[in-house]
1. Quick check on this structure: which one of B:ILE495, B:ILE470 is within 26 Å of B:THR409 (Cβ to Cβ), among the hydrophobic types (A, V, I, L, M, F, W, C) and part of a helix (DSSP H, G or I)?
2. Any idea how many residues of region A:431-461 are assigned to a helix (DSSP H, G or I) and not hydroxyl-bearing (Ser, Thr, Tyr)?
3. Tally up the residues in region A:533-549 that are farther than 22 Å from A:LEU338 by Cβ and either at pLDDT below 90 or of a type in the set (D, E, K, R) (or both), please.
4. State whether the residues of region A:200-207 include one that is within 19 Å of the chain's Cα centre (by Cα), surrounded by fewer than 19 Cβ atoms within 10 Å (Cβ to Cβ) and not in a helix (DSSP H, G or I).
5. Could you pull out the residue among B:LEU235, B:LEU214, B:LEU239, B:LEU226 that is within 14 Å of another protein chain (Cβ to nearest Cβ), closer than 22 Å to A:LEU6 by Cβ and at pLDDT below 85?
6. Name the pairs whose Cβ atoms lie under 8 Å apart, with the first residue in region B:279-303 and more than 14 Å from B:THR334 (Cβ to Cβ) and surrounded by fewer than 17 Cβ atoms within 10 Å (Cβ to Cβ), the second at pLDDT 80 or above and not aliphatic (A, V, I, L, M), and 6 or more positions between them or separate chains?
7. Surrounded by 15 or more Cβ atoms within 10 Å (Cβ to Cβ), touching a Ser or Thr at 6+ places or on another chain (Cβ under 6 Å) and of a type in the set (Asp, Glu): is that true of A:ASP520 in this structure?
Amino acid sequence: MVVGLLLAGALLIGRLFSLQILDDKYKESAWNNSLYYDVIYPTRGVIYDRNGNIIVGNKVAYDIMVTPKDVPPFDTVKLASVLGVEESFLKERFAEFSRRKDLSHQNRPLLRSLTPEDYMKFSEVQYLFPGFKGQVRSIRDYPVNAGGNLLGYVAEVDQNFLRKHQGEYRSGDYAGRTGIEAAREKDLRGEKGYHIYLRNSHNQIEAPYKNGEMDKEAVPGHDIYTTIDADLQQYGQQLMQNKVGSVVAIEPSTGEILSLISSPGINVDQLANFGKHYSEIMNDPHRPMYNRAVQASYPPGSVFKLVNGLIGLQEGVLKPEYTYPCNYGYYYGSHNKLGCHGHPSPLDLEHAVMMSCNGYFCYVLKNVLENKKYPVIDDAIDNWREYVMSFGLGRKLGSDFPSELGGTIPSSATYNKRYGQGGWKFTTIVSLSIGQGEIGVTPMQIANLCAIVANRGYYYIPHIVKASEGVEIDPKYRERQYTMVDTTYFMDVIPGMWLAVNGGPGSGGTATSVAVPGLDMCGKTGTAQNPRGADNSVFICFAPKDNPKIAIAAYIENGGFGVTWAAPIASLMVEKYLNGEISSDPYRQALQERILQGDLMSRVKGD
Amino acid sequence: MGEKFKGRGVSQSIDWFIVVVYLVIVLIGWVNIYASIHSSDPSSIFDWSVRSGKQAVWIGTALVLAAVILFLIPPRIWEGAAIPLYLGVVFLLVVVIFVATDIKGSRSWFQFGPVSFQPAEISKITTSLLLANVMSRQNYKMSSWKWLLATLAVIALPMLIIVGEKETGSALVYIGFVFVLYREGLAGWLLGGIGLAVLLFVLSLTKSVYVALLVAIAVLTLSNALNSGKLVRWLEIYLPILVVMAFFPGAWNWMMDRLIPGHSLLGDPTLDPTVALAIEGASGWSFLMKIKPEVVLLVISIAALPVCLYRSYRDKNSFIALSVLVYILCVGLTFATPILMTDVLKPHQSERIEQLLGLRDDPGGVGYNVNQSKIAIGSGGLFGKGFLRGTQTTYGFVPEQSTDFIFCTVGEEWGFAGCLVVVVLYLLLIMRLMSDAERSRESFTRIYGYCVAACLFMHLFINVGMTIGIMPVIGIPLPLMSYGGSSLWAFTILIFIFLALYREERKYF
C-alpha cells in the first residue's frame, strides 16, 4: 500500500518534472511558438463565357477581424454605426466570443465582406478601437446576370463540408458550393501559400524565417472558360422573369450548353454575400435554390411523340406514309377516349408531328407494344424502355454540371408492381404515347433530345466547361453518343417539325405563331398535365434546319399550351442567338414585350 | 497506589509531526492564496475584504476547532456518535438539494448570510467514523457478503446523494475508501483487476494508447516482482526502464520538433492543411513521422512475451504465464476502447463518459482551464518565477485560482522545487497517518486513520493531477491549501479527530 502511495506520488512528481523541466512547449521562448505561419490566400479563378466575357470575376472586400483578448471596453454605439450594423449584433458576436475563451487570442471574423467604401469609414476611426482590424479579401463579382443557379455560390465551409473534404480545407476557408463554382472548385480555388516569420518572446514578428527561403507563394486558381453565351443567358433570364420553369440551350454539334436557366433563381446580387441572404433564400416558397434545369423531373408531354415515332420507325411497325384516323381523340375499350384537338383526319406521320395529333401516336405506341415479335407486353415495354433510355432519358446524362437528376422511364416491373403480373395492357398505359403518365425527365434531357433530333440521331453529353490551359475536360464529352434508332429515320420526323413552325397560319401547325423568316426553325410543342394547376407549357426547337447551331428546350410550369409561353421564349432565344437581336418586325417586338411583361407567378402554387 | 495514572503528557502523547506538517501546508496555502489574488494593486495579506484576509480568519477558527477536538472533546465519544452523526449529515445532504441556491450547476451549498457551507465536506468525516465503527466490530468479517454489502452501503449512500447534488467530483473521493477495505482484507486481485481495467480505459481515452500500455506493463511487472519477492530488483531494473520509456514519446516529439521546424504545430486541429503539408514537405526527416511511439512499445512488448513464457515454463511459475495473458487482455482493451466508445456504447452514454473525463468541449471551457493551468505550471521551470511574480496566475488566465487551481500558483511562482516540496509534504502526512494507524491497537482508530489517509490521498491526486492534466477536471479542493472555510474546517476536523483518538491511546500505552 505504501508502495502504491509512493508510485502515485512518483507519478505526480514525474509529470511535474516533465511539464516544468523537460517540456519547453510551455516556455515563452519555445522554439515552436517562435515560427509564425502567415497564410496567403490565392485569388479564385475567373469564369468566362464562350466569347471571352467575364461572367464571374473578383473584387476587393474587407473582413473586420477582432482579437477578443485585445479589446478593452469600447463604444459599441459608435462602432455599430460606423460598421452599419445593429448594436445588438456586436453584443451577440462578443457574447459568442466570450464563450470560447480558448480562442480569445485568435483573430476572429466579426463582419464579413465590407465594401471598400464602408471599410474607409471604419479605417478613419480604427484607432479608437484597439483589437479590431480590417483584412483584405477578394470576393466574387458578377458583371453579368447569368443566374445564380448556373454559376453557383462561394461560401465559407461548414463543419459538414470540412468532414467530407478532410485535410483540404480549414474552417474560415471558402469553397464553391453549387453550380459551376462547385463543378470546378478544384480548378478555381488555387493553392494557398504562406510566409514564415520568426517571433520574439513578446509575440512580435521579427524577421522572415531563413530570409523567406521556405516561403511559398499562393498559386491563383485557374480561369474557367464555360460554354455559356452570356448574352443569351442574360436575355433568357429576362424572358423567364416571373415564370417558373427552365430553359436549356445546347449547341448540337458539340453538346456545349449555351444557356441554362432555372426560374425563379438566385439573384447574382445575393450570390456575392450568400451567407447574408441565406435564410431569405431558404424560406422562399418557390425554392430558388432548386435548379429545375437539372433537378426537376417533369412529364415531357407531346415532345415525347418524336421518340415514340422514331421507335416505331426503327421497329418497322410504322412507315411515314401510314395514316391513322383521329376524331377528336383515340377511342379504346368501350367508352374510353384519349382526347385530341380538331384537325384534318386521317394524317400521315409528317402531319401528325406537325399538328401534334394524339390519336396518331396512340396507334404508334400500340403498334410498338403489341408487336408480335414480343410474346408478352412485358418484353415489348422493356424493349421500348431501352430505346427511350438511348435518347438520354431516364438516366443521368453524365454532364459536368453538379447534382443532375436521372428522371424516370417506366418498365414492365413498374406496372407489374402497380397492377400485378398480367394486370395491365397497352390501353392501361396509353398515356405514354403522348409523354404523360409515369415518365419524368429534366429540362436538360429534353434539350438533349432536341439536340439528338437536330443531329439526326446522336448527341454529345451536354457540358458546361471548355478545355483551356490548365483545365482539362473528360474526353467523353468529345464522343458521339448514338441512339438505338438509325439516323435515316430522323429524316422522317424533321419535316413535320419544320411544318409545325413554318406551315403558315391556318395550316394546322402547332407553333406557326413563332415562325421567323430566315431562321428555318424546326419545333415541337408540348402541353403536359400538371396535377398542381394549369398545364405545363413545353417547346423544343432547333435551327437552322440544316446544320443546326442551337437546340433549345423551354419548360414553363402552369404555362398552358406549348405555344403560349414556351414556344415564344424558345423562339426569341433562338433568334437572339442566331441573329444577335430580335427583328424590328412589330409582331416579334410585341411578342417579346408580352413575354417580358408576362407574370405567371399567381398561377403557381408554392411549396 | 491511590494516585491515578494520568498518562503521558501533551508533549508526548500528541503526534507533533502531523501537527507541524499540517501547519506548514496550511501556511503555504495561505501565502499562495495571497499570491493568486495578487494584482498590480496589491493589498495586505491581512486585508479582510479579500480572500487572503478571509482565509486568515478561517485558519484561526480552524486552529481553535483543532484545539477543541484535541483537548476538550473526550475522544471516546466518536465511536458511539458515529451513527447519529452519519445519519444527521445524510439528512443535511438531502435537505441541501431542496434549499440550496444553484452555484455553477451544483446544489450543494447552505447559505447563511455571508457564510456558506457544504455538507459534502463534513460527510467525509462522518462516513469515515461510521466506516470505522462498522468495520471495527467484533464479529465483522470482510469475507461475509452481508458485512461487505453493509460496508459498501455506508460508502455508497452519501456518495449517491452527492452525485444527485451534481457534485460528481466530491463523490469520486469516496472511491478512496476502497483502499481502506483493501487494508482490512478485501481480495487484492479483484480490486487490482477492476482497478486496472478502469485505469486503462480512462488512460487510453484521456491520455494515449502509449500511456495505457506503459501503465499496464508497469503494473504487471511490479505485481510479478512482488509475487516472487524481487521488489528491489524491479526497482533497480524495471522502474528505470519504465521511467525512460515514459519519456520516450516526449523525447521523440522533442527530437521531431528540432528536426522538422513547425512539427509541434501539427497537432493543432485548426492548422491550415496547406501549412501542415508545408511543414511535412520542408524537412527531409518527415518520414520519421510515420513511426508512432505506441506501435514501437507494442512491438517491443509483444516480442518480449515469448521470453516471459519460456521463463514461466523454466521456473514453473504460472504467475508469469497469467500475467502474459492479462497483458494480452490489456492490449485488447486498450485498442478496443475507441470501438467501445463509438460502436458498443450508445451515443449518450459515451457522451456522459467523455463529459466526466473532461474530454468534451463544454461551455464552461474545461479544456481551456487545463491548458491555462498547464501553461502556468509549465512556465514555472525549476525554481519558478518567484513570489508574486507569476504572470499567468496574476493576470487571471487561470480560473478558480485560489480554490481548485491553487496548485498552479505554486507551480508558476515556486517552480518544480516548490511543487516537489508540497507533494512530498502531503505524502509525508499521508504516510505518517498510515503508520500511526498501523501502530494503533484499536481497530476503530486504525480504520479511521486509513480513512483519513485515503481522503487526503484522493484529494491530492485528483486535484494536483487535474492541474497538470493527468486527471479529468473534477472540481475538488486541494486539502488545507485551497481557499475556503468548509474545506479547511472539514480536513482539520478529519485529521484532528484522528490525532485525538491516537493521543488517547498514546496516553496509556
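1. Answer to the selection: B:ILE495.
2. 14
3. Result for region A:533-549: 3.
4. no
5. Of the residues listed, the single one that is within 14 Å of another protein chain (Cβ to nearest Cβ), closer than 22 Å to A:LEU6 by Cβ and at pLDDT below 85 is B:LEU226.
6. Listed pairs, sorted by first residue: B:ILE291/B:TRP252; B:VAL296/B:PHE248.
7. So A:ASP520 does not fit the description; no.
Residue by residue, here is whether (1) crowded, with 16+ Cβ neighbours inside 10 Å; (2) part of a helix (DSSP H, G or I); (3) among the charged types (D, E, K, R) holds:
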| site | (1), (2), (3) |
| --- | --- |
| A:SER279 | no, yes, no |
| A:PRO285 | no, no, no |
| A:LEU313 | yes, yes, no |
| A:SER345 | yes, no, no |
| A:TYR360 | yes, yes, no |
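The values are calculated or read from the model by the stated rules, or taken from the named source; none is laboratory data. For clarity, every value in this text was computed on a predicted model and none was experimentally measured. Every residue, glycine among them, receives a Cβ derived from its backbone with ideal geometry; neighbour counts consider all protein chains shown.
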